[in-house]
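Every number here is computed from the coordinates shown, using simple stated rules; none is lab data. Keep in mind it's a predicted model, so treat the numbers as computed, not measured. Here the Cβ is made from the backbone with ideal geometry for all residues, glycine too, and neighbour counts use every protein chain on show.
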Amino acid sequence: MLEIKNLHAELEEEGKKILKGVNLSVKSGEVHAIMGPNGSGKSTTSYVLSGRDGYEVTEGSATLEGQELLDLGPEERAAAGLFLAFQYPVEIPGVGNMTFLRTAVNAQRKARGEEEMDATTFLKVVREKAKSLKIDADMLKRPVNVGFSGGEKKRNEILQMAMLEPKMCILDETDSGLDVDAMKLVAEGVNALRSPDRSFLVITHYQRLLDYIKPDVVHIMFDGRIIKSGGPELALEVEQNGYADLLAEAEGA
Ligand code: ADP
Ligand code: MG
Ligand code: MG
């Protein structure tokens with residue numbers, strides 16, 4: 001599904017190198033987690049994959065089902081099936097949440113050569129999915145994320161994801177700032193979307209989200225590289241011992 005090879009990226013303005021050879025291979029239906037200390041390049045990885053401005057890729061590739069993502073604009077990447085839920089969801093004053101969702105869904109369908117979803121079907125689908133995420137009708141009418149609490153913003157991102165039905169979902173610290181109940185809702189939303197033809201990359205600073213979203217593979221990122229990969233037990237090891245041993249082990253290697 002997603003194949004990242006020797007990805008190097010730097011900050012466009014300062015030329016500061018941030019990603020120093022990321023390698024990652026996520027198969028269809030798999031859930032991978034990326035953990036790592038603050039400043040390791042986890043968010044940068046998701047920004048570079050989404051095509052955000054300000055980063056220059058100097059080496060490497062990232063393909064989605066064989067298609068090079070790095071050659072595409074951000075909208076084309078979304079149309080290709082990539083979805084990113086960010087650590088800090090943006091507020092869009094003046095644009096109703098429902099209007100935003102409908103526009104996004106139809107833009108996606110158009111890019112895939114599918115017909116627009118009619119208004120009645122859209123309403124039915126959005127209400128059903130919103131309900132399961134405990135997003136009330138009022139939140140659907142308000143401007144996107146404006147005045148939403150941290151938990152509401154995260155749930156709203158999962159709603160966007162559920163509506164867009166992407167192939168490859170990347171969640172960047174979707175758990176940060178969430179209380180346990182909100183985190184469980186987010187995790188349930190993600191788990192409901194798990195399927196053999198959809199993959200997830202869950203970026204998290206803490207192990208606790210992974211109690212609810214069970215990963216197939218856990219990667220540890222440090223200083224712009226994946227320094228270790230393993231099963232779910234790797235996340236537990238981090239929770240118990242922190243990163244120090246893993247970093248020392250990687251430096252000794
Ligand atoms: P993580 O998500 O693992 O905490 P980030 O990808 O956010 O790490 O950051 C990696 C490194 O790049 C950090 O040292 C951070 O300070 C730096 N960095 C990222 N974006 C910027 C930016 N726009 N300006 C300056 N430094 C940045
Ligand atoms: Mg960080
Ligand atoms: Mg981050």
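A Stokes-Einstein calculation at 4 °C with viscosity 1.567 mPa s, built on the Kirkwood radius of region 2-252 over Cα pairs, returns a diffusion coefficient of 69 µm²/s. Once backbone amide H atoms are built at 1.01 Å from N, F200 has E30, V31, H32, C169 as its partners under 5 Å, excluding neighbours fewer than 5 places away on the same chain.
Across every direction, the projection of the convex hull enclosing the Cα atoms of region 118-239 has a mean area of 8.7 nm².
Sequentially through region 76-85, phi angles give Karplus couplings (6.51, -1.76, 1.60; θ = phi - 60°) of 5, 5, 5, 5, 6, x, 9, 9, 10, 9 Hz, Gly and Pro residues having no value and appearing as x.
Distances between placed amide hydrogens fall under 5 Å for Q67 paired with no residue 5 or more residues away or on another chain. When T121, T44, T58, T63 are arranged by Cβ crowding within 10 Å, least crowded first, meaning fewest neighbours, the order is T121, T58, T63, T44.
Beta bridges from DSSP with both residues in the chain: antiparallel share about 60 percent, rounded to the nearest 5. By how many degrees, 0 to 90 and rounded to 10, does the Cα axis of helix 97-111 deviate from the longest principal axis of the chain? With both axes taken from Cα atoms, the answer is about 70 degrees.
The H on the amide N of Y55, modeled in the peptide plane, is under 5 Å from the matching H of E12, each at least 5 residues off or on a different chain.
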